[in-house]
Amino acid sequence: MEPRINLETKYDPRSFVREHPSTSKCSDLETRLAFEDDPWQAGETSVSDFPVEMKKRLACTITHAPEHVDVLKSVRAEFPSKWDWRDREGVNYVTPVRSQGSCGSCWAFSAVATMESAVLIATGSKVDLSEQHLVSKCSGSGSCGGGWPDEALEYIRDSGIPPEDCFKYQGRSLPCSPCDNWESLVWRIRSFKSVQSTTAAFKEALTTHGPISVVLTAPDDLFYYRGGVYEPIMDVDGVGWANHAVLLVGYNDAGGYWIVKNSWGSGWGDHGYAKVKYGVLEGYNYAYVITELEKRGDEGDETGVWSSPVTAESSSCYGDGYHARNAIDELEDTHWFSESGAEHPMLSMRLSERRNVDAVRFETYPRDLPMKVSVAACASHGGSWRIIAGATLTNPVEVVEFEKVAMEFVQVVFTPQNRAYGTCTDFKVRLADDGDDEDGDDGDDLVLDRVTIIKKSGDSMSVQDRIKSVVITHGDKQVLSFENPVE
């Protein structure tokens with residue numbers, strides 16, 4: 001016979017569960033959820049039947065206050081109303097859901113997932129990196145008994161992490177035995193930051209840089225999560241309130257939730273993902289985001305290293321607080337803005353010396369995208385400008401690659417499409433090898449071998465006479481010039 005409930009009496013759901021126990025832990029949880037205003041869905045999952053001790057092992061991230069790392073705080077007042085790195089302009093920047101098995105390695109899976117997304121965002125390359133390398137005695141970041149995501153990221157920064165094929169996941173604490181040439185295969189972090197535990201800071205880190213390694217406060221009920229907006233409500237099995245590391249990939253203001261990727265396989269939650277109520281993740285001062293990568297295989301010889309220009313000037317700026325130098329100071333909380341409504345706003349920058357460069361990287365506010373850019377280079381003072389690339393920026397961090405070119409000066413013309421001004425949070429160039437290039441001292445010459453003038457009548461005539469010089473300007477700036485090109 002079903003227990004009767006007096007609907008006119010306010011019941012304590014916990015007392016109700018104690019007074020009317022069922023034979024199913026999941027049924028107890030479902031009964032408790034029935035009293036919630038916005039219940040999430042509970043059910044059997046890939047981990048719900050694990051013994052209590054195994055559940056405790058799965059959620060055993062060790063946390064401490066951030067050390068030896070800069071803290072990213074929010075400096076913005078507005079953010080997009082929703083964000084999901086699984087679908088940015090139709091592109092998925094999150095690698096597939098995986099399972100940590102019975103090993104307490106959520107900390108390693110969270111750190112590796114953060115790194116894999118950072119590589120995808122920066123390079124477009126989809127990589128599968130080795131969690132086992134971190135779990136084994138290679139990194140000192142932890143083991144199957146728990147670990148530290150921040151120390152895992154420090155190890156990836158200092159030593160790098162090889163691909164999965166180099167040290168396949170076995171879900172056990174093992175000696176350090178990756179493949180023989182693992183050091184030549186690694187991906188490295190150049191820098192990462194702690195993220196202040198506020199909703200605004202989480203959003204800023206997500207939209208500016210990429211997915212974040214975060215810790216979730218959760219009792220045993222998380223093991224039964226199947227869908228809806230999760231908020232921890234009870235400890236079913238006596239697991240207690242555990243520390244569990246996951247990957248934060250997005251948010252939704254209308255629903256009031258974060259989107260996280262777990263490492264308990266696709267049989268848990270919504271195909272391995274969960275919606276978590278705003279405020280739950282913010283309870284921990286323990287979140288990290290990667291702000292810059294080293295190019296794969298870099299060994300300190302500067303080839304492939306991202307470098308900031310040493311000086312910057314602009315065609316205009318919004319005010320003293322938005323000077324051009326803000327675009328090269330490597331700080332996420334400073335920005336260059338042109339005057340509102342400026343026609344073709346421009347940044348002109350100088351490198352420390354003439355170097356070969358094969359890419360430039362822009363960091364831009366998401367709300368200011370899309371934005372068209374045109375990049376020009378000049379090899380030396382007084383030399384000719386050469387347009388080397390054009391692109392439409394659609395992501396907060398975007399790399400524009402081109403054939404290697406020698407330059408000391410670089411110039412960017414912005415064509416805003418979504419806002420009324422040009423803007424840049426950070427700009428860098430990627431240094432290429434210093435071998436011979438085909439550009440010569442003054443870059444490639446543009447050669448005219450025929451000029452055709454269209455007369456009003458529609459007839460044309462060929463001009464075979466000598467052209468003395470050609471100068472191309474953009475506004476009042478010289479972009480390209482050359483002398484005596486042809487007969």
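The values are calculated or read from the model by the stated rules, or taken from the named source; none is laboratory data. As the structure is a prediction and not an experimental result, all values here were calculated from the model. All Cβ positions, even for glycine, are placed from backbone atoms using ideal geometry, and neighbour counts span all protein chains on display. The protein model used for the area step is the full one, side chains on, heavy atoms only, and it has no ligands, DNA or RNA in it. Shrake-Rupley method; radii C 1.70, N 1.55, O 1.52, S 1.80 Å.
Matching residues to (1) at pLDDT 90 or above; (2) out of contact with any His (no Cβ under 8 Å at 6 or more places or on another chain); (3) aliphatic (A, V, I, L, M); (4) open to solvent by 10 Å² or more (accessible area, probe 1.4 Å):
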| residue | (1), (2), (3), (4) |
| --- | --- |
| Pro219 | no, yes, no, no |
| Tyr224 | no, yes, no, no |
| Val229 | yes, yes, yes, yes |
| Gly240 | no, yes, no, yes |
| Ala245 | yes, yes, yes, no |
| Asp253 | yes, yes, no, yes |
| Gly256 | yes, yes, no, yes |
| Ile259 | yes, yes, yes, yes |
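Just one of the listed residues (Ser177, Ser159, Ser191) is hydroxyl-bearing (Ser, Thr, Tyr) and either open to solvent by less than 30 Å² (accessible area, probe 1.4 Å) or free of Cβ contacts under 8 Å to residues at least 40 places away in the same chain (or both), namely Ser159.
Pairing residues of the stretch 309-320 that are under 13 Å from Gly422 (Cβ atoms) and open to solvent by 90 Å² or more (accessible area, probe 1.4 Å) with residues that are assigned to a strand (DSSP E or B) and at pLDDT 90 or above, at Cβ distances under 7 Å and at least 6 apart in sequence or on separate chains, gives Tyr318/Phe337. In the stretch 117-140, of all residues being among the charged types (D, E, K, R) and surrounded by fewer than 24 Cβ atoms within 10 Å (Cβ to Cβ), the one that is farthest from the chain's Cα centre (by Cα) corresponds to Lys137. Kindly establish whether Val249 is at pLDDT 95 or above and in a strand (DSSP E or B). Against the criterion (at pLDDT 95 or above and in a strand (DSSP E or B)), Val249 qualifies. Against the condition farther than 27 Å from Pro80 by Cβ and basic (Lys, Arg), how does Arg386 come out, does it pass? Yes; evaluated as a whole, the condition is true for this residue. Counting only residues that are open to solvent by less than 10 Å² (accessible area, probe 1.4 Å) and either under 24 Å from Lys56 (Cα atoms) or not β-branched (Val, Ile, Thr) (or both), the stretch 141-156 holds 7 of them.
Between a first residue in the stretch 259-279 that is among the polar types (S, T, N, Q) and a second residue that is surrounded by fewer than 17 Cβ atoms within 10 Å (Cβ to Cβ), which pairs have beta carbons less than 9 Å apart while being 6 or more apart in sequence or on different chains? From residues that are among the polar types (S, T, N, Q), the pairs are Ser266/Ser46; Ser266/Pro96. Which one is surrounded by the fewest Cβ atoms within 10 Å (Cβ to Cβ), of the residues in the stretch 365-383 that are over 19 Å from Glu89 (Cα atoms) and at pLDDT below 90? Checked the stretch 365-383; the qualifying residue surrounded by the fewest Cβ atoms within 10 Å (Cβ to Cβ) is Gly382.
Of the residues Gly145, Gly140, only one is more than 17 Å from Leu248 (Cβ to Cβ), of a type in the set (Gly, Ala, Ser) and touching a residue at least 40 places away in the same chain (Cβ under 8 Å); which?
Just a single option satisfies the conditions, and that option is Gly145.
In the stretch 342-364 there is no residue matching the filter, namely being more than 29 Å from Trp187 (Cα to Cα), in contact with a Ser or Thr (Cβ under 6 Å, 6 or more places away or on another chain) and at pLDDT below 85. Within the stretch 263-287, being closer than 17 Å to Trp107 by Cβ and either at pLDDT 95 or above or of a type in the set (Phe, Trp, Tyr) (or both) holds for Trp264, Tyr284, Tyr286.
Among residues of the stretch 60-81 that are over 11 Å from Tyr288 (Cβ atoms) and modelled with pLDDT of 60 or more, those with a beta-carbon under 7 Å from a residue that is of a type in the set (A, V, I, L, M, F, W, C) and open to solvent by 80 Å² or more (accessible area, probe 1.4 Å) at least six positions away or on a different chain give the pairs Ser81/Ala254.
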